[in-house]
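The values are calculated or read from the model by the stated rules, or taken from the named source; none is laboratory data. Please read all numbers here as calculations on a predicted model, not as lab measurements. Cβ sites come from the backbone with ideal geometry, for glycine too, and all protein chains shown count toward neighbours.
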Amino acid sequence: MLKNSIRIARIGGISINLHVSWILIFVLITWTLAANYFPRNYPVWGLTLYWIVGLATSVLFFASVLAHELAHSFVARARGLPVHDITLFIFGGVAQLEEEPQTPGTEFVMALVGPLTSIVLGAGFGALSVAASGVNEQLAALSSYLALINVWLGIFNLIPGFPLDGGRVLRSILWQASGNLQRSTRWASLVGQAVAYLFILAGIWLIFTGDWVGGLWIAFIGWFLDNAASSSYRQLTIRNLLAGHKVREVMSRDCQEVNPDLSLDRLVNEHMLPQGARCFPVVEGGLVRGLLTLHNIKGVSQDRWPTTTVGQVMTPLDGLKRIGPDEELWTAMQNMTGKGVNQLPVMEDGQLLGMLARDNIVSFIRIKGELGV
Ligand SMILES: [Zn+2]
């Protein structure tokens, strides 16, 4: 779940969230429709009707975006990839996949079904608009707008650059043809970045020709696409490098155990500084009582270090987030990011096996990446 989101519904076990930026775009679209688009095209409706139809159109537009994301999600689930949530935000929607598709075929179908849903919805609204014309002008207006915007949404998403659906379609085709996931990801991201730069250039050009609002908006979309292309590339590369590796392989086993009676003063000067260690399992009578990290020490002012013991400031075992030795490294990393921690104790059957720090994963990635293995 993205930060600053609230859950509004659950559909088929998938939670539907709204991100705070969604409110901005919802208000903007409703306002544009009610104050500009409908009055310009249908001058005789009156203020109340403009706002009612504007609001209804806006709600149905977001329902259409949601349908697009649900289509991705249901195909993903049918192919065994769990989806936890869908978040609607300023640039549309995003379905949070727990795992990446394992075959090009799955990725192809999963990516394509979203834009197809939008185009089919667009065709449906188009038919509705034809049927309603001459019968109900408001319904005809609403559905012709939704027909256009859904078809546009479908086509826009088919642009063959990451992170758009078309980028995934492209990647799956390259992946199928070359058998090399890493290189295919690279290419789909490069095309994604090229598309992003085109958007930024088009935006700047529009600004110079006097269309400030449109130009800024298009440049803003380009900036977002550029960011998303490079970050999704980074993320996928890391994910590929970590795939199949377990916590056990990279955790550090040489954690120095300390006694709960030790003063912070001595801990820092005799253990922490000389060894460059950042965290210590606190052990008493052969049992792990808790964990002491740099973070715990920073919460105590320095003049109290000599009189404060490790046992007083450690995070006790009960409150400790932990991880098993056979968990996937990728999951472990997600866990650490999600919980905002830099290390996790690796435990099995109440025994401390070692510590997994972010640094362990980073150096694993770096070495693997440099050796190209
Ligand atoms: Zn999509």
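If you go through the stretch 184-215 and pick out every residue that is within 20 Å of A228 (Cβ to Cβ) and charged (D, E, K, R), you end up with 1. Whether any residue in the stretch 95-105 is surrounded by 18 or more Cβ atoms within 10 Å (Cβ to Cβ), closer than 28 Å to N335 by Cα and within 16 Å of the ligand (Cβ to nearest atom) is what I want to check. Looking for residues that are surrounded by 18 or more Cβ atoms within 10 Å (Cβ to Cβ), closer than 28 Å to N335 by Cα and within 16 Å of the ligand (Cβ to nearest atom), one finds at least one in the stretch 95-105, hence yes.
Residues are listed down the side, and each one gets a yes or a no for (1) closer than 30 Å to L55 by Cβ; (2) in contact with a Pro (Cβ under 9 Å, 6 or more places away or on another chain); (3) charged (D, E, K, R); (4) within 13 Å of the ligand (Cβ to nearest atom):
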site	(1), (2), (3), (4)
V113	yes, no, no, yes
G134	yes, no, no, no
Q138	yes, no, no, no
I149	yes, no, no, no
V191	no, yes, no, no
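Selection of the stretch 191-230 for residues being in a helix (DSSP H, G or I), more than 26 Å from V169 (Cα to Cα), modelled with pLDDT of 85 or more and β-branched (V, I, T) yields I204, I207.
For the stretch 314-349, taking the residues that are in contact (Cβ under 8 Å) with a residue 12 or more places away in the chain and more than 27 Å from G299 (Cβ to Cβ), the one that is surrounded by the fewest Cβ atoms within 10 Å (Cβ to Cβ) is identified as D326.
Are any of the residues in the stretch 83-104 in a helix (DSSP H, G or I) and among the β-branched types (V, I, T)? Looking for residues that are in a helix (DSSP H, G or I) and among the β-branched types (V, I, T), one finds none in the stretch 83-104, hence no. Note on the stretch 27-67: residues that are among the hydroxyl-bearing types (S, T, Y) and within 30 Å of A95 (Cβ to Cβ) total 6. R266 satisfies every condition listed in (1) modelled with pLDDT of 85 or more; (2) more than 16 Å from L344 (Cβ to Cβ); (3) not in a helix (DSSP H, G or I) except (3).
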